[in-house]
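Input: a single structure, listed below in structure tokens.
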Amino acid sequence: MIPDFNYAEYVWSSYAIAAAVIVWQAIQPVQRYRKIVGQIKEDYLMRSEDQI
Amino acid sequence: MKPYLTANQVSFHRHSEAVFQPIDLELYPATICVVTGANGSGKTTLLRTLAGVLRASEGELTRDASIAFIGHRAGVKDDLSCIENLVFMQRFYPKQANRHPLTPHQALKQAGLGPYIRRLAGHLSAGQRRRLALAKLLVAPADVWLLDEPYTSLDTHACQWVDELLDGHLSDQGAAIVTAHQRQPSLARTLHRLEVVAGARAA
Amino acid sequence: MNRSKAQPLIALLLSDLKRARRHGGQSLLPLVFLFSVVAMIPLGIGPGPNLLQAIAPGMIWVAALLSGLLALDGLFKSDFDDGTLEQWWVGDQPVIRLVLVRLGSHWLITALPVIVLTPVAAQMLYLPNAALGLLMLTLLIGTPILSLVGGLASALTLGTRQGGALLGLLIFPLIVPVLIFSTGAVSAFLDGLPVRPYLLLLVALLVLALSLVPLATAAALRLNIE
Amino acid sequence: MWTQIKLAFHKLGSPLIFYRFAQTLIPWLWGLTLITLAAGLYQALFVVPPDYQQGDSYRILYIHVPAAWQAMATYIVMTILATITLIWRIRTAEIMAMTAAPIGAAFTLICLVTGAIWGRPMWGTYWAWDARLTSMLVLLFVYLGIMGLYAAFDDRRQGARIASILILVGVVNIPIIHFSVEWWTTLHQGSTINLFGPSTMDASMLPPLIWMTVAVKLMFGALLLQRARNELLDQDQRKKWVLEALRMGGHDS
């Protein structure tokens, strides 16, 4: 299935690096979103516990 | 009689929150306004906004007079001598037709800094540096004085000197806005008061 | 601009020069840096005249450029700390002119000595004498751009803690064209090619910097004193 | 017509509306991105014939060129947002201007790396001072400068405004850099072989490029909204709208 190219190592390595950067760019915001929402929830629960 | 300075609903925002509640103010000649408020209520920020250092984030501010502003930090160059500082200030600020400035020497003598003419401002005590900063009002006179806690680190004698300065300025049709904590201006005049309240803090 | 309007500007210029003379270091530092870099090149690359001659214009320019950056950090910082900077907005003088005067005094203090002593540096790298005049001309046009751009960078980083590292990062993209056109002029001259286009482009950059950069610098200063 | 746009933009200024707008749009954008990306990659790698001169190495073009275009397009988006920031001080514009910078830097990085790898079979070395690669390198420093400046301020809004000034200065500077670097490469004729790219770009090679470019644009939109949403939430953690947005305060308010 994998087509054999001449200069294959250059084509695949550049695609691999591009994919790595894009995946890293895609994952970063998702992780940060979860972290922030977690902080907000935790902070909110703590504050509402004080009130009760 | 037109006011020197009018502010309506003026406020300044930092971290997208108002530092102090919007202020309305009309400063007429020969009037002094003492600004009070708790620490951190934004008195200094208000003064800097009125002086034009900060741009008001809200409201309207009109100035029809020359302004002299002395902030928290003395605003003198440490590596210049007292006389050089005053000579610089005299040339730096705009000349006022209706006000006649003292020479740097006279101003230094009046400020009680006579013996320190050649000394670098950096080698003066805090009180002396504050007096040097106040001497600016003599060499570069202006209609409106905006003084941020002028009495800090001044001894009683110097505080009286500041009172005399304010008194002379007001009887000379000048106006002033002063922030003060313990030591308030003691003048035989009515002191208008302005209460500054901190802006809306998030819950 | 009548006399009374110019007085605050002259006062600021004289005060800057007086203060610089008090701290001799301010104008000595760039010179010492220039000659240490120029001296290092042969030690690093070898004393061969023809190699050194080929890289002389570029190296002198890079050394002059870096030496200009050294003194930038404190350009507005000392006034910012002692409260005199905020007074710039209290007087009736447009801040843009005050910024221009401050950058002018910075150029006089740091860049002029470097330009005056460039011939010595040029000799050390075997630069042909014919090219010396042109090199100094490009420095004369180019270094004011560095002061302008450096002033903007130091105004932008005024409110930050570690100004130095960030300063270099902000300045690099802004000085690439200046470096290209000035060293381009000298190497074109050495190859016998026409020099006018480079000089005209360099002057164009200077005019552009003179008109736009002080505007941005004044805005950046205002935002930083909040 | 103009008032609708201004009104819409002003409405977008309010954090809650922007948050909801972002939350609804992000999944769609990612979905479309994946579809167009799959189509583009498939054609780029399996359908398009090799170039008679460069063989298959030219397939790198299908990521290198869209990345380069996006690196520059991002800066144009940031310029518009920076202007809005400095004139109308709309907060979401500030946040998007600042959060776009890392994305632009990422695409510039992809462009540089793939360009260098592509150059390897042509020039024999990974890095060659080709005019466009050099301009891209300087553009990367511009992005890093903006990110560094924004991060150096405690007050986010002050930092955004000051970095916006740098963005606007950059707008004037980038074309000058590009021009001077082009001139610089022509001056030193011997130093570089000039353009690389397929000798002729015939029609059959075009479709994948279009698919990939569209995919990269959609991806940029998704990433930007995600990062802006995060920055907004992070800055307003204790604000009321956040509780409402995350439907936490629901039961008791």
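Determine the shape class of the range D:11-102: with a ≥ b ≥ c the square roots of the Cα gyration tensor eigenvalues, call it rounded for a/c under 1.5, and otherwise prolate if a/b is greater than b/c, oblate otherwise.
Note, shape of the range D:11-102 comes out oblate.
I'd like the distance between the alpha-carbon centres of the range C:145-163 and the range C:167-226, rounded to an integer number of Å.
When both Cα centres are located, 15 Å separates them.
Over the range C:14-163, what portion of Cα pair distances is larger than 29 Å, expressed as a whole percent?
In whole percent, the share of Cα-Cα pairs in the range C:14-163 beyond 29 Å is 25.
Positive end of the dipole of chain A, charges at C-beta (+1 Lys, Arg; -1 Asp, Glu), about the Cα centre: which of A:Ala19, A:Tyr7, A:Val37 has its Cα farthest in that direction?
Farthest towards the positive end: A:Val37.
Report Rg (one decimal) and Dmax (nearest whole number) for the protein assembly as shown, counting Cα atoms only, units Å.
30.4, 98
Taking a probe of 1.4 Å, how large is the accessible area per residue of chain D, in Å²?
Per-residue accessible area for chain D comes out at 43 Å².
Of A:Lys41/D:Lys217; B:Lys43/B:Lys109; B:Lys109/C:Lys5; A:Lys35/D:Lys239; B:Lys109/C:Lys77, which pairs sit farther than 24 Å apart, going by alpha carbon to alpha carbon?
A:Lys41/D:Lys217; B:Lys43/B:Lys109; B:Lys109/C:Lys5; B:Lys109/C:Lys77
What's the ranking of D:84-93, B:97-106, B:142-151, C:145-154 by average number of surrounding C-beta atoms within 10 Å, highest first?
Top of the packing list down: C:145-154, B:142-151, D:84-93, B:97-106.
Any number yet on Rg/Rh for the range B:77-141, C-alpha, Kirkwood?
My calculation of the ratio gives 0.96.
Quick one: dipole size for chain D, taken about the Cα centre, charges +1 on Lys/Arg Cβ and -1 on Asp/Glu Cβ, in debye to the nearest 20.
Here the size comes out at about 840 debye.
Tell me the per residue accessible area of the range C:3-225 using a 1.4 Å probe; a whole number in Å² is fine.
Ligands and nucleic acids excluded, the result is 38 Å² per residue.
Could you provide, to the nearest whole Å², the per residue accessible area of chain B with probe 1.4 Å?
On a per-residue basis, 42 Å².
Can you give the accessible area buried between chains D and A, summed over both chains, with a 1.4 Å probe, in Å² to the nearest 100?
Using a 1.4 Å probe, the pair buries roughly 3300 Å².
Which order do the peptides C:97-108, D:108-119 take when ranked by the mean count of other beta-carbon atoms within 10 Å per residue, highest first?
Peptide ranking by packing, descending: D:108-119, C:97-108.
Count, for each residue of C:219-225, the Cβ atoms from other chains sitting within 10 Å of its Cβ, then give me the mean as a whole number.
Mean shielding count: 5.
If you take each beta carbon of peptide C:194-206 and count the beta carbons of other chains within 10 angstrom, what is the mean?
Mean shielding by partner chains, rounded to a whole number: 1.
Per the 1.4 Å probe, what fraction of the accessible area of the protein assembly as shown, in percent, lies on carbon and sulfur atoms?
66 percent
Using only the alpha carbons of chain B, determine the length spanned along each of the three principal axes and report them from longest to shortest in whole angstroms.
Over chain B, Cα extents along the principal axes are 53, 39, 31 Å.
Would you work out which of B:Cys82, B:His72, B:Asn39 lies farthest towards the positive end of the dipole of the range B:37-122, given +1 charges on the beta-carbon of Lys and Arg and -1 on that of Asp and Glu, about the Cα centre?
B:Cys82
Can you give the accessible area buried between chains C and D, summed over both chains, with a 1.4 Å probe, in Å² to the nearest 100?
The C and D chains share an interface burying roughly 2500 Å².
Which one, D:Met147, C:Ala64, D:Pro208, is farthest towards the positive end of the dipole of the protein assembly as shown when Lys and Arg carry +1 and Asp and Glu -1 on their Cβ?
After comparing all options, I get C:Ala64.
Relative to the isolated chain, which residues of the range D:42-59 have their accessible area cut by 40 Å² or more in the presence of all protein chains (1.4 Å probe, heavy atoms, no ligands or nucleic acids)?
At a threshold of 40 Å² (probe 1.4 Å), the residues of the range D:42-59 that become less exposed are D:Leu45, D:Phe46, D:Asp56.
Counting Lys and Arg as +1 and Asp and Glu as -1, each charge on the Cβ, what is the dipole of the range C:3-225 about the Cα centre in debye, to the nearest 20?
380 debye
With viscosity set to 1.306 mPa s at 10 °C, what whole-number translational diffusion coefficient in µm²/s follows for chain D from Stokes-Einstein and a Kirkwood radius over Cα pairs?
The calculation lands on 79 µm²/s.
Averaged over peptide A:24-30, how many Cβ atoms belonging to another chain are found within 10 Å of each residue's Cβ?
Counting other chains' Cβ atoms within 10 Å and averaging over A:24-30 gives 6.
Tell me, what HN-Hα J-couplings in whole Hz come from the Karplus equation 6.51 cos²θ - 1.76 cosθ + 1.60 at θ = phi - 60° for each residue of the range C:10-17, using x for Gly and Pro?
Taking θ as phi minus 60°, the curve returns 5, 4, 5, 4, 5, 5, 4, 5 Hz for the range C:10-17.
Counting helices only, and only those DSSP H runs with n ≥ 4, report the 222 nm mean residue ellipticity of the protein assembly as shown as the sum of -39,500 (n - 2.57) divided by its residues, in deg cm²/dmol to the nearest 500.
-22000 deg cm²/dmol
Could you tell me the center-to-center distance, by alpha carbons, between the range D:54-114 and the range C:42-115 in angstrom?
32 Å
Pick out which of D:Gly159, D:Gly40, D:Gly148 has the largest mean-square fluctuation in a Gaussian network model of chain D, springs linking Cα atoms closer than 10 Å.
D:Gly148
Which order do the peptides D:59-67, B:47-55 come out in when sorted by mean C-beta neighbours inside 10 angstrom, highest first?
Listed from highest to lowest mean packing, they are D:59-67, B:47-55.
Of all beta bridges DSSP finds with both residues in chain B, what is the antiparallel percent, to the nearest 5?
Bridges in chain B are about 45 percent antiparallel.
The values are calculated or read from the model by the stated rules, or taken from the named source; none is laboratory data. Here the structure is a predicted model, which is why all the values come from computation and not from measurement. Note that each Cβ is placed from the backbone with ideal geometry, even for glycine, and that neighbours are counted across all protein chains shown. The area values use the complete protein model at the heavy-atom level, side chains included, leaving out ligands, DNA and RNA. Shrake-Rupley method; radii C 1.70, N 1.55, O 1.52, S 1.80 Å.
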